[in-house]
Amino acid sequence: MSEATVATAARASSFKAWFNPGLVRLVSGFILLFYVTTHLMNHALGLISLDAMEAVMDVSRAFWRFLPMSVLLYGALAVHVILALGNVLRKRTLAMPLREWVQLIAGLAIPFLLVVHVMGTRYASARYGINDSYAYVLLSIFVFSPVSLYLNTAGLVAAWAHGCFGFHMWARLKPWYRGTAHDAALAFAGFLPALAIGGYMTAGRALAPLAQDGEYMGGYYERLGVSDDAVWGLLGGDIRTAQILLLIGLAFFILIKLAGLARGRRGDMVAVRYKDGPLVSFPVGATLLDISRARKVPHASVCGGRGRCSTCRVRIVSGLSDQPPATEDEKKVLQRVRSAPDVRLACQLRPQGALEVIRILPPDASIGQAATGDPTGTPWATGREKRVTIMFCDLRNFTRTAEQKLAYDVVYLINQFSREMGQAVEQNGGQIDKFLGDGFMAIFGLEGADRRFDDAAGDGARQALAASTQMIANLETLNQRLEGDLENPLRMGIGLDTGTVVLGQMGYGRARGLTAIGDTVNTASRLESATKTEGCTLCVSAQTLESAGLAALPEQAKHITLRGKRKRLDIAAIDHPDQLLETTPADGDQHADA
């Protein structure tokens with residue numbers, strides 16, 4: 001390779017690192033949205049008076065027609081259009097979600113709807129010296145060319161909808177946009193165009209009768225600054241030329257797109273096997289997300305395939321070595337969610353060879369999953385093994401208590417119990433898996449090492465025992481609070497077991513959630529039931545005691561057979577975790593009181 005070639009490649013790489021198309025498109029979009037916003041706010045002043053519209057328009061016109069601002073505005077417009085159309089041309093398929101089609105069609109419609117307005121105002125002012133005041137615009141719409149009223153209104157709505165939709169797709173991934181900010185933005189997006197349309201309709205209807213006033217129209221034409229009526233013919237010709245050029249441009253764009261699609265179908269094919277789906281093939285050059293859409297394979301993509309949200313990420317089971325390396329932008333997103341080396345973004349990966357993939361998140365992944373990503377960098381959705389501690393807790397004899405209570409009282413008691421126990425679990429590093437009537441299942445050890453404990457390997461077990469201690473204390477407090485409402489104090493049983501489970505996002509639709517399955521879950525459930533026969537509050541397996549560095553006194557140690565189990569199990573049957581002994585790592589036979 002020659003030195004010139006190397007230098008050229010280096011310059012291209014440097015330019016690519018400096019020029020971020022996504023960021024440039026976003027910034028240019030914000031500039032255009034700000035311009036449209038100020039324009040609509042100016043229109044809305046028509047609800048007050050035409051003079052108010054004209055006064056603010058003078059300030060706005062001075063701002064936007066100041067040379068640097070004009071360069072910024074029209075530069076943003078050119079860049080935004082070029083990048084948007086280029087993005088569409090790069091797609092190897094027309095399969096897109098409805099929201100992308102709506103945004104694309106709205107964007108393409110804007111120039112055709114507003115070309116008469118733009119040419120008749122900014123262009124007419126610069127080319128022919130016409131004073132494009134609000135009076136000129138309103139009389140043109142309501143008197144001389146009524147059809148422009150519908151075109152301008154449709155163009156206004158299309159421009160505003162296109163900008164608001166783009167802003168929403170960007171902001172929906174930001175934590176600050178949720179809740180109140182989202183509701184406020186939605187209200188603003190609806191009210192502003194309504195006020196703008198109402199403003200210029202009100203002003204236009206008030207001004208239209210003056211067209212019959214000869215004195216007013218004489219002053220109007222004088223202020224207009226048109227010295228020769230031939231100007232109107234020239235301006236009309238320019239507008240028709242612009243419309244023809246727009247049609248030619250659109251036709252040229254469509255032809256290029258269709259030619260690209262046809263050329264792609266004749267190229268090399270790449271095979272993609274979805275681990276939990278079909279085997280498909282598609283021409284080389286398309287992104288994996290485009291392949292999924294074209295072949296109707298459900299695939300999550302909250303951000304619309306712009307490489308921002310990470311919800312489209314996949315784990316490559318085979319064929320990773322045949323794929324192009326991740327770009328710097330893709331690496332940044334993957335690093336943000338701490339993904340494994342075999343994880344890629346489907347919207348950025350353009351397969352060059354056969355591969356087999358697993359879609360990590362479900363097709364209906366939420367905005368929350370997009371914003372937070374997977375905190376462990378390992379896909380829960382497809383399942384993985386992890387050593388954790390499982391807790392089952394259940395109220396004792398609650399059925400008998402419920403029989404003596406009204407339904408509302410039963411719900412109140414359950415909610416009070418669930419709140420107290422849930423807080424104890426969460427405050428000690430656990431996660432409630434599910435509530436089961438008057439009981440629940442919880443998982444400890446999901447987030448790795450808890451720095452409150454020296455032994456990181458036993459964090460889950462220690463967290464579960466710490467939570468049990470707090471749960472017992474919370475139950476005593478709850479009983480004192482409800483003393484006048486209960487015939488007998490509430491009692492509970494807790495079962496704890498530690499072992500390897502399969503963790504994954506399981507279920508369907510809104511009922512989907514992170515849960516665990518495996519023998520450890522069954523054992524913990526049986527241990528909770530065993531507290532009834534053993535006459536204690538906690539039944540803790542030997543595996544949990546060992547992981548936590550604890551042991552039971554001889555009178556607490558049991559060797560029992562659980563329902564559904566063939567082998568007998570070593571456990572500790574206790575009423576409080578404080579009754580356990582702490583073992584020293586150096587000598588397991590030496591104990592000290594906990």
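The values are calculated or read from the model by the stated rules, or taken from the named source; none is laboratory data. Because the structure is a prediction, the values reported are computed rather than measured. Please note: Cβ atoms are built from the backbone with ideal geometry, for glycine as well, and neighbour counts cover all protein chains shown. Calculation scope for accessible area: heavy atoms of the full protein, side chains included, ligands and nucleic acids excluded. Shrake-Rupley method; radii C 1.70, N 1.55, O 1.52, S 1.80 Å.
Note on the chain: antiparallel DSSP beta bridges, both residues inside, total approximately 90 percent of the bridges counted. Projecting the Cα atoms of Gly353, Trp101, Val337 onto the charge dipole of the chain (Cβ charges, centred on the Cα centre) puts Gly353 farthest toward the positive pole. Spin-label pair Leu23-Ala259: with each label point 7 Å from Cα along the Cα-Cβ axis, the two points sit 3.4 nm from one another. The coefficient of translational diffusion for region 118-249, derived via Stokes-Einstein from the alpha carbon Kirkwood radius under 37 °C and 0.692 mPa s, stands at 188 µm²/s. Step by step: find N for region 255-358, compute 2.2 N^0.38 Å, then divide the Cα radius of gyration by it. What's the final number? So the Cα radius of gyration is 1.04 times the expected 2.2 N^0.38 Å.
Accessible surface for the chain, divided over its residues, is 52 Å² per residue with a 1.4 Å probe.
Taking other residues whose beta carbon is less than 11 angstrom from the beta carbon of Ile571, and scoring Lys, Arg as +1 and Asp, Glu as -1, yields 0. Checking the a/c ratio against 1.5 first, then a/b against b/c, what shape does the Cα gyration tensor give for the chain? Because a/c hits 1.5 or more and a/b exceeds b/c, the chain counts as prolate.
The modelled label-to-label distance for the pair Glu54/Ala109, using points 7 Å beyond Cα in the direction of Cβ, is 3.4 nm. Our summary gives region 227-375 a relative contact order of 27 percent, counting only alpha carbon pairs under 8 angstrom and 6 or more residues apart.
Ignoring ligands, DNA and RNA, please state the percent of accessible area on the chain from carbon and sulfur, probe 1.4 Å. Answer for the chain: carbon and sulfur cover 59 percent of the accessible area.
Model label sites at Ala473 and Ala557, defined 7 Å from Cα along the beta-carbon direction, differ in position by 3.0 nm. In terms of the Cα gyration tensor, with a ≥ b ≥ c the square roots of its eigenvalues, is region 499-585 rounded because a/c is under 1.5, prolate because a/b exceeds b/c, or oblate? Prolate shape, in that a/c is at least 1.5 and a/b is the bigger ratio. Once you sort the root eigenvalues of the Cα gyration tensor of region 37-80 as a ≥ b ≥ c, which label holds: rounded (a/c under 1.5), prolate (a/b larger than b/c) or oblate (the other case)? Taking the square roots of the gyration eigenvalues as a ≥ b ≥ c, region 37-80 is oblate. Relative contact order of the chain: 10 percent, from C-alpha pairs under 8 Å at least 6 residues apart in sequence. Region 142-199 gives an Rg/Rh value of 1.14, both radii derived from C-alpha positions and Rh following Kirkwood. With contributions of -39500 (n - 2.57) from each DSSP H run of at least four residues, the per-residue ellipticity at 222 nm computed over the chain stands at -17000 deg cm²/dmol.
Computed with a 1.4 Å probe over protein heavy atoms only, the accessible area of Ile432 comes to about 30 Å². Cα-based values for region 531-571, radius of gyration first and Dmax second, are 10.4, 28 Å. For the set Trp170, Trp64, Trp101, Trp176, the ranking by accessible area, highest first and with no ligand, DNA or RNA atoms included, is Trp176, Trp101, Trp170, Trp64 under a 1.4 Å probe. Derived scalar couplings between HN and Hα for region 555-561 equal 6, 8, 6, 10, 10, 10, 10 Hz in order, rounded to whole Hz, by the Karplus curve 6.51 cos²θ - 1.76 cosθ + 1.60 (θ = phi - 60°), x for Gly and Pro. Ranking Asp290, Asp229, Asp238 from most to least accessible surface, computed with a 1.4 Å probe over the protein chains only, gives Asp229, Asp238, Asp290.
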